[in-house]
1. Would a scan of the range 57-66 turn up a residue that is surrounded by 13 or more Cβ atoms within 10 Å (Cβ to Cβ), in contact (Cβ under 8 Å) with a residue 40 or more places away in the chain and either of a type outside the set (Gly, Ala, Ser) or not in a helix (DSSP H, G or I) (or both)?
2. Of the conditions (1) part of a helix (DSSP H, G or I); (2) at pLDDT 95 or above; (3) of a type outside the set (D, E, K, R); (4) surrounded by 15 or more Cβ atoms within 10 Å (Cβ to Cβ), PHE73 satisfies every one except a single condition; which number is it?
3. Tell me, please, whether a residue that is in contact with a helix residue (DSSP H, G or I) (Cβ under 6 Å, 6 or more places away or on another chain), outside any helix (DSSP H, G or I) and on the phi < 0 side of the Ramachandran plot can be found in the range 77-99.
4. For the range 18-25, check the following and say yes or no: at least one residue is of a type outside the set (Val, Ile, Thr), within 21 Å of THR128 (Cα to Cα) and outside any helix (DSSP H, G or I).
5. Identify all residues within the range 100-125 that are free of Cβ contacts under 8 Å to residues at least 12 places away in the same chain and not in a helix (DSSP H, G or I); write none if there are none.
6. Consider ALA120 carefully, then state whether it is farther than 24 Å from LYS13 by Cα, surrounded by 12 or more Cβ atoms within 10 Å (Cβ to Cβ) and either out of contact with any Lys or Arg (no Cβ under 8 Å at 6 or more places or on another chain) or of a type in the set (Phe, Trp, Tyr) (or both).
Amino acid sequence: MNNTYDWYAQLIKPSWAPPSWLFGPIWSVLYVIIAISYGMVFWLAIQKKITWLVVLPFALNLLFNVIFTPLQFGLRSNILASIDILFILATLIWAMIAIYPHMRWITYAQIPYLLWVCIATVLQFTVTYLNFK
C-alpha cells in the first residue's frame, strides 16, 4: 500500500488538484448517497416497479467505479483509469436520465456524485497527460 501511495505522490499533478486528504471524506459522503439511491433502484426493480433496463446503467456504473482503483493504483495505469472514468461519467449520466421518469429524487441525489466525477475526470485526464511517457 505504501508503494502505491509513493507512486501516486510522485506523479505530476496540476496546481488545482484537490489535496489527497480530501478524497476520503468526499467519497465517504458519495458512497452513502450511492448506497441509498442505487439500493432503491435495485429494490424498485426487484418489486417490478421499473424494468431491469433502467437498472443497467446503475449496475454498469458500480462496476466501472469498483474497477477504477485497481486500474489506477493496482496496475498503475493512468490511461486505463482515464478510459474507465469516461465510462463512469457516461453510465452516471445514462442512469440519471433512465431513472428520472420514475423517481426524480434519485436523479437529483446524483448531482454531487456527477459534479465530483466531472472534476475527477478532468483531473484524471490532466494527470495522464502530464505523466504520459
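1. Looking through the range 57-66, at least one residue is surrounded by 13 or more Cβ atoms within 10 Å (Cβ to Cβ), in contact (Cβ under 8 Å) with a residue 40 or more places away in the chain and either of a type outside the set (Gly, Ala, Ser) or not in a helix (DSSP H, G or I) (or both).
2. Among (1) part of a helix (DSSP H, G or I); (2) at pLDDT 95 or above; (3) of a type outside the set (D, E, K, R); (4) surrounded by 15 or more Cβ atoms within 10 Å (Cβ to Cβ), PHE73 violates only (2).
3. Yes, there is a match, as at least one residue in the range 77-99 is in contact with a helix residue (DSSP H, G or I) (Cβ under 6 Å, 6 or more places away or on another chain), outside any helix (DSSP H, G or I) and on the phi < 0 side of the Ramachandran plot.
4. yes
5. Within the range 100-125, TYR100, PRO101 qualify.
6. Here the answer is no, as ALA120 does not meet what is asked.
The values are calculated or read from the model by the stated rules, or taken from the named source; none is laboratory data. This structure is a prediction, so every number in the text was calculated from the model and none was measured. Positions of Cβ are generated from backbone atoms using ideal geometry, with glycine treated the same way; all protein chains shown enter the neighbour counts.
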